[in-house]
1. List the longest stretch of the chain that has no exposed loop site; here a site is one of the trypsin sites (Lys or Arg not before Pro) assigned by DSSP to anything other than H, G, I, E or B, with at most 15 other Cβ within 10 Å.
2. Test of the criteria: in the range 123-198, which GluC sites (Glu not before Pro) are in a DSSP loop and have at most 11 other Cβ atoms within 10 angstrom of their Cβ?
3. Farthest toward the dipole's positive end in the chain, which of Gly116, Val232, Gly33, given Cβ charges of +1 (Lys, Arg) and -1 (Asp, Glu) about the Cα centre?
4. So for the range 180-256, averaging the separation of alpha carbon pairs under 8 Å that are six or more residues apart and normalising by length, what relative contact order in percent results?
5. Could you work out how far the C-alpha centroid of the range 324-377 sits from that of the range 153-174, in angstrom?
6. Got the relative contact order for the range 276-380 handy, in percent, Cα pairs under 8 Å and 6 or more residues apart?
7. Does the range 205-347 classify as rounded, prolate or oblate by the C-alpha gyration tensor (a ≥ b ≥ c root eigenvalues; a/c under 1.5 gives rounded; else a/b over b/c gives prolate, otherwise oblate)?
8. From the C-alpha coordinates alone, can you work out the Kirkwood hydrodynamic radius of the range 147-234, in Å?
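No value in this document is a laboratory result; all are computed from the given coordinates. It should be emphasised that the depicted structure is a prediction, and the values quoted were computed from it without experimental measurement. All Cβ positions, glycine included, derive from the backbone under ideal geometry; neighbour counts span all protein chains shown.
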Amino acid sequence: MEMKDKIAKIFLEKFGEPGGSFYASAGRINLIGEHTDYNEGYVFPGAIDKVIMAEIRANDNGIVRAFSIDINEYAEFGLNEKDAPAQSWARYIFGVCREIIKRGGNVQGFDTVFAGNIPLGAGLSSSAALESCFAFALNDLFNDNSIDKFELAKIGQSTEHNYCGVNCGIMDQFASVFGKKDHLMRLDCRDLQYEYFPFAPTHHKLVLVDSRVKHELKDSPYNKRRESCERVAKALGVPSLRDVSLAQLNASRISFSDEDYRRAKFVVEEKERVLEVCAALERGDYEEVGRKMYETHEGLSKDYEVSCEELDFLAGLARKCGVTGSRIMGGGFGGCTINLVPDNLCDQFIATAKRDFCEKYGHEPHIYDVIISDGARRID
Ligand code: GLA
């Protein structure tokens, strides 16, 4: 059954009447620009064809009644700060409601049933999709769409900060809200200027190889990485690593711990790589795009230390198979590699990755084709 029909059926079972509106928002990939968003650098993401979809209808109880099909759990909560639900999935919805209210927006009680097909813990930002889906929906249902799209993304980001314990940047929510079919987006995370880049390569495919090693950013050292970056920026007397060049960083190297130095070095190099990849894409130079992806993997693995054995293995394997570019994607500590694969190598690469990974780690990785799609939307 289609996701929408399934949601409608369960909505009717749970709440007795049909008649809600449908909304969806997307997961994301990121071609390059990792851990640069909270350093006010550049990112280069795109929304994908995997979504969270919800049916929502206002009720007159002043409470939210929510059912998650995938987790098979029901939650009910009020809209005041003291009403925070216990279930972590429900806190995302609660957080979005609270962040809208804190900004002077309107949220009233509603009933909702939702589901998704974004693999959890794969680094594809299922949580940002959930936040963006509800932020978009509540803007439409209760605020006459008066909240602008950047604010919707920020509502999702603040939800992560204030209700989920992750001090994330803006990339995931931005991608989920602003995503456009067949386009990647270069976002300058300092002034939030962005540009769409057509992305429909004719001789390459983007393939995700999901190690199925799960990561939970809250318990992971994600926030610690951010603290390292902020420490270095502060020591150099600038607002963020955006303002730091490699020469400057090297000149002050003795002022930081070796660990902080390596974290900052990665970020400073990565923000340049985004610009280089955008320029290469405009020239159609996929070899250069791929080289930069491998460099990012090296940096994330050796300097930023957010990779893991399984993902290093997958990136190494891609290189051996002649894949143009490969790297760990997203926050790290598990999840996927993103691979830029020449069409004629695709089948062989996937078969080898499945076989060799399974031999070594006892389970096959999951493979997803990337289809760059639209972001948050109402579905009629
Ligand atoms: C997670 C965060 C993003 C970003 C990436 C790393 O996905 O939510 O804000 O920092 O990690 O690039």
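1. Counting only loop sites that pass the neighbour cut-off, the longest clear stretch is 219-380.
2. Working: sites: Glu131, Glu151, Glu160, Glu195; in loops: none.
Passing sites in the range 123-198 do not exist.
3. Val232
4. 15 percent
5. Between the Cα centres of the range 324-377 and the range 153-174 lies a distance of 26 Å.
6. 19 percent
7. Taking the square roots of the gyration eigenvalues as a ≥ b ≥ c, the range 205-347 is oblate.
8. 15.5 Å
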